[in-house]
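Nothing in this text is a laboratory measurement; each read-out follows from the coordinates by a stated rule. Predicted, not measured: the structure shown is a model, and the values here were computed from it. When we count neighbours, we look across all protein chains shown, and the Cβ atoms used for this are built from the backbone with ideal geometry, even at glycine.
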Amino acid sequence: MNFVLKSLDLSQAALQKADALVVLVGENPPAGQDELSVLIRHARQSGDLDAKAGKLLQLYRQGGVSARRVVLVSSGDGSSRQVRQAVTAAVGALKGGKLKNLVLSFATQPNADSVSAAVRAAVVALADASYVYTTTKPKADARTLEQVVIALPNAKPAKIAFAWGQALVQGIELAKEWANRPANHATPSQLADAAQALAKLPRIKCEVLGPKEVAKLGMGAFIAVAQGSAQPLRFIVLKYQGAGQKQAPVVLVGKGITFDTGGISIKPAGEMDEMKFDMSGAASVLGTFQALAHIKPKINVVGLIPACENMPDGLAVKPGDVVTSMSGQTIEILNTDAEGRLVLCDALTYAERFEPAAVIDIATLTGACVVALGNVRCGLFSTNEALAEALQKAGDTAHDLCWRLPLDDDYADGLKTNFADVANIAGRMGGAVTAAKFLQRFTAKYPWAHLDIAGVAWKGGAAKGATGRPVALLVDYLLGQAEGSHAA
Ligand code: BES
Ligand code: MN
Ligand code: ZN
């Protein structure tokens, strides 16, 4: 989809050729004497266009408007949250009809302090509502929306936010598309190819390790998960360099289980297809790098993706097997379905070599986190207050929410075993926390945070599909770390 930003007041925006015009109406309706402005004021006064964000009124072949279809939608207080609500509602109302060209007009100029956030929210919400998966279903439902003009009386103060919004959208859509791919179209090797493709962008480099290199590194936990699969594992190392060599990087670690059957501790058949989404953490790392390449912040970022399938097989790891992780700690694998933490722990040890400023892992790690937080907020765990706060704030700003959960040492009691340094599962209770406690054992050397995205990375049911979360949170956090400065 192609976005264009233009300085146009409402009467000018109404004359743009398009299939539909969406007008965002704030708390104060437009004051102009043009036909549309007068109509909007009447609609507000009569109560037919409630001021609540997302309330809308549809018009057809309205005088003074080029587009056949018009949606007037209230954007509440004009905050990014309410703009997003309004845009989502308007696109929902327009769905079904043929829609190639759209004009989205802010009826009045947003406040100086909210204009950037409002425009960014509009771009992200528009893209989100009109994304269509294409990899294995290219023609049937291909996206109809081709061009969107974002119009506001004075576009100048929104220019940067508009560009960043577009970069963010590209990242979110890359994450969605890869997470949505079925496992036979997103093998560990194909995921590595996608990462290699990103290295064509400026400032990005990519290195891919295979089974031999990973064995040499001593990643016994990662290897144990991969050994039941005919697909060879890949360990992907992405680097974005926007700052000097000496600046410590932020390391993102994405769980890249391209399919999780559970292994020998096999999962029930119902909805097992959804375990193709078990590489959503990895997809969010790819998406974040895509966005970084276009936003160009002055910061260094490393992306690590341990990618493999978790399969049952004659060679598969068995419950009770003990393996040695790269850290040297031995692990008793009591349940082969708790595989995410096994691939992550070796990646977390590998992260040490970058002497990172912070390490954030992103993983569809536990069903327990879905039970705890549902699909609104992902779980946030951290050993570092400043990091936790920054991530929580980034989530709030980007409307990609997280919620902090505890890491008390008592939660680790259940991980004790007579046969190794640690077991890979504890009891049934507090499963999201015990998984985090397992990971924490491998993170002593740097500030660390863990995002359990099991509940938010995809939607089930009729709207089944990846959400692209938490790319927006990660990008917002990283831009904050760059202190608003940008590489040339
Ligand atoms: N990928 C799953 C987590 C998951 C489950 C995400 C359901 C979304 C929906 C993970 O590998 C897993 O299987 N975790 C187990 C851990 C258990 C065996 C301790 C779980 O949550 O059931
Ligand atoms: Mn599993
Ligand atoms: Zn899994």
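The orientation-averaged shadow of the Cα convex hull for segment 2-155, equal to a quarter of the hull surface, comes to 8.4 nm².
Taking the centroid of alpha carbons for each part, segment 7-29 and segment 283-320 are 42 Å apart.
Binning the C-alpha pair distances of segment 1-67 at 10 Å intervals from 0 yields a P(r) profile of 19, 53, 27, 2 %, listed from the shortest bin outward. The ranking of PHE222, PHE162 from fewest to most other beta carbons within 10 Å of each one's beta carbon is PHE162, PHE222.
Kindly state, as a whole number, the per residue volume in cubic angstrom of the convex hull around the alpha carbon atoms of the chain.
Here the figure is 142 Å³ per residue.
Measuring r between the beta carbons of ASN2 and GLU274 and using R0 = 35 Å, the FRET efficiency lands at 0.60. Where does helix 80-94 land angle-wise versus the long Cα axis of the chain, in degrees 0 to 90, nearest 10? With rounding to tens, the tilt is 70 degrees.
Each of VAL376, ILE362, VAL323 was placed along the dipole of segment 307-415 (beta-carbon charges, centred on the mean Cα), and the one lying farthest toward the positive end is VAL376. Per-residue extension of 0.36 nm, minus the Cα-Cα distance of GLU27 and LYS95, leaves a gain of 21.9 nm for this segment. Alpha carbon centre of segment 66-115 versus segment 345-407: separation in Å? Result: 32 Å between the Cα centres. Gain on full extension, evaluated as 0.36 nm per residue between LYS459 and GLN12 minus their Cα-Cα distance, stands at 157.0 nm. Separation between the ALA230 and ARG68 pseudo-spin-labels, each 7 Å from Cα along Cα→Cβ, expressed in nm? The two pseudo-label positions are separated by 5.1 nm.
Taking a ≥ b ≥ c as the square roots of the eigenvalues of the alpha carbon gyration tensor, segment 331-488 is oblate, as a/c is not under 1.5 and a/b does not beat b/c.
Were the residues from GLU385 through SER189 laid out at 0.36 nm apart, the gain over their Cα-Cα distance would be 66.9 nm.
The angle between the Cα long axis of helix 159-180 and the longest principal axis of the Cα atoms of the chain comes to about 50 degrees, rounded to the nearest 10.
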